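To start, the structure itself, in structure tokens.
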Amino acid sequence: MAYTKRFDGRKFDEIREMEAKVGVIKSADGSAMFRMGKTIAIAAVRGPRNLHPRFLQNPEKGILRCNYDLMSFSVNERKRPGPSRRSQEVSLVTEKALLPALNLDDFPNSVVDVFVQILQADAGTRCAGINAASLALADAGVPMSDLICAVATGIIHKDKAVIDINKEEEDYEGGMADTPLAIMPHSGRITLLQMDGEASREEIKSAIEKTKEACMKIRDVQVNALKKKYGGIKDEI
Ligand code: UDP
């Protein structure tokens with residue numbers, strides 16, 4: 001059966017309501033909250049700081065280390081506290097999504113630690129985490145060539161791209177290929193592209209284009225959050 005109307009009434013290219021705040025964890029070097037609908041991510045940055053043990057150090061430049069997890073209370077089903085295969089995978093892709101925007105050449109032997117915690121999960125948590133982490137890194141003053149904006153699109157076979165799917169859509173029985181994507185908005189470079197499901201080359205291409213457009217709206221929310229803390233500007237752009 002065709003998916004003609006979204007479960008929550010949004011347009012097919014409409015992102016959930018977003019909210020972002022920078023500097024939410026005062027003791028961290030940088031921090032941010034990013035909310036997409038009911039999915040809420042918090043990111044904290046520590047560093048650049050000396051990396052121990054020393055055999056992990058790179059004398060040429062600093063390294064980035066990401067740690068992502070869902071809080072036990074963030075999901076409806078039972079979730080064991082502590083790392084899992086999934087959290088390790090999401091930590092790794094978060095790291096790879098963020099790294100192209102960072103310049104750690106001036107920080108040999110150092111590490112920048114990024115901690116992402118999901119307070120409330122309604123799908124798209126890795127993307128909300130990347131959006132929060134990108135802001136937290138900027139807040140920490142880590143040299144960056146661009147922000148990173150991420151959103152997950154659902155691709156329905158022979159139907160359409162569904163931007164920023166929630167959990168109900170992700171579980172859609174008609175089949176929805178969950179496709180998280182992250183870009184550097186300035187250059188348009190893709191830094192994360194995953195897909196869980198099946199879709200044709202054309203469907204993927206068209207979904208990527210629509211997702212990139214949606215990412216620009218995320219960028220606006222991120223820039224506004226940074227301006228609120230650093231620009232002394234209260235108005236939205
Ligand atoms: N989820 C859950 N328990 C888990 C892992 C995931 O309930 O242990 C839910 C949660 O709502 C999450 C969604 O499944 O947002 C989708 O998970 P996925 O691994 O696809 O990553 P995400 O879409 O969150 O980046």
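The values are calculated or read from the model by the stated rules, or taken from the named source; none is laboratory data. Since this is a predicted model, take the numbers as computed values, not measurements. A quick note on method: Cβ atoms are made from the backbone with ideal geometry, for glycine too, and the neighbour counts reach across all protein chains shown. Surface areas here come from the heavy atoms of the whole protein model, side chains and all, with no ligands, DNA or RNA. Shrake-Rupley method; radii C 1.70, N 1.55, O 1.52, S 1.80 Å.
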(message) Take the conditions open to solvent by 10 Å² or more (accessible area, probe 1.4 Å), away from the ligand (no atom under 14 Å from the Cβ), assigned to a strand (DSSP E or B) and aliphatic (A, V, I, L, M) and apply them to Leu64. Does it pass?
(response) yes
(message) I'm told Ala138 meets every condition in (1) away from the ligand (no atom under 16 Å from the Cβ); (2) surrounded by fewer than 18 Cβ atoms within 10 Å (Cβ to Cβ); (3) under 15 Å from the mean Cα position of the chain (by Cα) except one. Can you identify the failing condition by its number?
(response) (2)
(request) Take Ser110 and decide whether it is closer than 21 Å to Pro53 by Cα, under 19 Å from the mean Cα position of the chain (by Cα) and either surrounded by fewer than 12 Cβ atoms within 10 Å (Cβ to Cβ) or of a type outside the set (A, V, I, L, M) (or both). (result) no
(request) Check region 33-50 and report whether any residue there is under 21 Å from Ala136 (Cα atoms), part of a loop (DSSP other than H, G, I, E, B), within 16 Å of the ligand (Cβ to nearest atom) and in contact (Cβ under 8 Å) with a residue 12 or more places away in the chain. (result) yes
(request) Name the one entry in Asp171, Asp105, Asp113 that is out of contact with any strand residue (DSSP E or B) (no Cβ under 9 Å at 6 or more places or on another chain), of a type in the set (D, E, K, R) and touching a residue at least 24 places away in the same chain (Cβ under 8 Å). (result) Asp105
(request) Residues being surrounded by fewer than 24 Cβ atoms within 10 Å (Cβ to Cβ) and more than 13 Å from the ligand (Cβ to nearest atom): count how many of those fall in region 143-174. (result) 13
(request) Please determine, by comparing only the residues of region 74-89 that are at pLDDT below 95 and open to solvent by 80 Å² or more (accessible area, probe 1.4 Å), which one is nearest to the chain's Cα centre (by Cα). (result) Pro83
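To keep it simple, each residue is scored yes or no on (1) under 17 Å from Asn131 (Cα atoms); (2) open to solvent by less than 50 Å² (accessible area, probe 1.4 Å); (3) out of contact with any Phe, Trp or Tyr (no Cβ under 9 Å at 6 or more places or on another chain).
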| position | (1), (2), (3) |
| --- | --- |
| Arg16 | yes, yes, yes |
| Glu19 | yes, no, no |
| Lys26 | no, no, yes |
| Gly30 | yes, yes, yes |
| Gly37 | yes, yes, yes |
| Ala44 | yes, yes, no |
(request) Starting from residues that are of a type in the set (S, T, N, Q) and more than 8 Å from the ligand (Cβ to nearest atom), keep the ones in region 116-133 and report whichever is surrounded by the most Cβ atoms within 10 Å (Cβ to Cβ). (result) Asn131
(request) Among the residues of region 6-32, write down those that are in a strand (DSSP E or B) and hydrophobic (A, V, I, L, M, F, W, C). (result) Met18, Ala20, Val22, Ala32
(request) Would you check if there is a residue in region 214-226 being at negative phi and in contact with a Gly (Cβ under 8 Å, 6 or more places away or on another chain)? (result) no
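For (1) among the aromatic types (Phe, Trp, Tyr); (2) within 15 Å of the ligand (Cβ to nearest atom); (3) surrounded by 16 or more Cβ atoms within 10 Å (Cβ to Cβ); (4) more than 27 Å from Met18 (Cα to Cα), each residue gets a yes or a no:
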{"position": "Arg54", "(1), (2), (3), (4)": "no, no, no, yes"}
{"position": "Asp69", "(1), (2), (3), (4)": "no, yes, yes, no"}
{"position": "Ser72", "(1), (2), (3), (4)": "no, yes, no, no"}
{"position": "Ser91", "(1), (2), (3), (4)": "no, yes, yes, no"}
(request) Please report, ordered by residue number, the strands (runs of 3 or more DSSP E) entirely within region 100-196 with at least 2 residues that are modelled with pLDDT of 95 or more and more than 30 Å from Thr4 (Cβ to Cβ). (result) 110-120, 189-193
